[in-house]
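**Student:** Starting off with a structure, shown below.
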Amino acid sequence: MATDAEIRSKFWKALKSDMTMFLGLAEGEDGHARPMTAQLEDELYEDGEYSGPLWFFTATDNNLYRQIQQVELAGDEPRAMAHFVAKGHDVWATVHGSLTTTRDRAIIDRLWNRFVAACYEGKDDPKIALIRLDPEDAEIWIDASSLVAGIKMLMGIDPKKDYEGKVAELRL
């Protein structure tokens with residue numbers, strides 16, 4: 001049985017490696033989310049733990065960026081729902097938290113890397129922007145195989161026991 005700390009660590013390691021999340025507003029858009037690449041700050045990541053925001057490069061004409069700004073302008077706090085599946089399908093997560101936007105050049109410089117550079121016309125691209133997700137809590141599932149569960153169900157075996165000790169609702 002995995003501890004909450006082990007589940008949390010496995011999630012952060014998988015996210016640091018795989019980076020793609022589906023990000024959307026928790027309310028509105030009928031639950032629509034889009035794939036975005038999460039940037040974790042290296043100095044905030046240590047021993048499988050992360051203690052900072054998730055950053056997503058985007059453009060000022062991106063629909064999610066605009067919607068977050070509209071909610072901010074209305075004086076409300078935009079709420080996020082982000083979904084993650086590790087490439088090996090051994091970690092799944094739903095993350096909730098708050099969203100903000102920025103075009104802060106110092107943050108852009110700090111997070112800039114060759115993968116980001118491939119998507120923009122340089123750091124001075126007039127449309128470049130960031131979405132910041134401050135994760136608050138998550139539900140994380142580990143090591144549960146839908147294929148194995150399907151086979152067990154066909155054989156009349158209840159697969160729910162496979163999830164025992166492999167699901168955690170955590171504060172991040």
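**Student:** What's the exposure ranking of 115, 22, 11, going from fewest to most Cβ atoms within 10 Å? Working shown, then result.
**Tutor:** Numbers: 115 11, 22 15, 11 25.
Fewest to most other Cβ atoms nearby, the residues stand as 115, 22, 11.
**Student:** How would you rank 39-46, 58-65, highest first, on the average number of other Cβ atoms within 10 Å across their residues?
**Tutor:** Result, highest mean Cβ count within 10 Å first: 58-65, 39-46.
**Student:** Given +1 on the Cβ of Lys and Arg, -1 on the Cβ of Asp and Glu, and no further charges, what dipole in debye does the chain carry about its Cα centre, rounded to the nearest 20?
**Tutor:** So the magnitude is around 480 debye.
**Student:** Got a sec? How would 95, 85 order by Cβ neighbour count within 10 Å, fewest to most?
**Tutor:** Neighbour counts put them in this order, fewest first: 85, 95.
**Student:** Whole-Hz ³J(HN,Hα) for each residue in segment 26-38, computed from phi via Karplus 6.51 cos²θ - 1.76 cosθ + 1.60 with θ = phi - 60°, x for glycine and proline: what do you get?
**Tutor:** Listing the rounded values in order: 5, 10, x, 6, 6, x, 5, 9, 10, x, 9, 8, 7 Hz.
**Student:** Something else now. Comparing 98, 51, 17, which has the greatest mean-square fluctuation in the GNM of the chain with Cα pairs linked when under 10 Å apart?
**Tutor:** Of the options given, 17 has the highest mean-square fluctuation.
**Student:** Still on this model: Would you compute, from DSSP H runs of 4+ residues alone, the mean residue ellipticity of the chain at 222 nm, taking -39500 (n - 2.57) per run and dividing by the full residue count, rounded to the nearest 500?
**Tutor:** The per-residue figure over the chain is -7500 deg cm²/dmol.
**Student:** Please work out whether the chain counts as rounded, prolate or oblate from its C-alpha gyration tensor, where a ≥ b ≥ c are the square roots of the eigenvalues and a/c under 1.5 means rounded, while otherwise a/b larger than b/c means prolate and anything else oblate?
**Tutor:** The shape class here is prolate.
**Student:** Can you give me the angle between helix 63-73 and the longest principal axis of the chain, using Cα atoms only, in degrees from 0 to 90, rounded to the nearest 10?
**Tutor:** With rounding to tens, the tilt is 70 degrees.
**Student:** Could you state the angle between the C-alpha long axis of helix 4-18 and the longest principal axis of the C-alpha atoms of the chain, as a value from 0 to 90 degrees rounded to the nearest 10?
**Tutor:** Tilt of helix 4-18: around 50 degrees.
**Student:** Among the aspartates and glutamates, which have Cα under 16 Å from the Cα of residue 123 when same-chain residues fewer than 8 positions away are ignored?
**Tutor:** The qualifying aspartates and glutamates are 104, 109.
**Student:** Given 53, 167, 89, which one lies farthest toward the positive end of the charge dipole of the chain, if we put +1 on the Cβ of every Lys and Arg and -1 on the Cβ of every Asp and Glu?
**Tutor:** Checked the options; the winner is 89.
**Student:** Quick check: the distance between the Cα centres of segment 88-119 and segment 4-24, to the nearest angstrom?
**Tutor:** So the two Cα centres are separated by 13 Å.
Throughout, read-outs are computed from the coordinates displayed, never taken from laboratory work. This is a predicted model, so every value here is computed, not measured. Don't worry about glycine lacking a Cβ; one is built from the backbone with ideal geometry, like all the others, and counts go over all protein chains shown.
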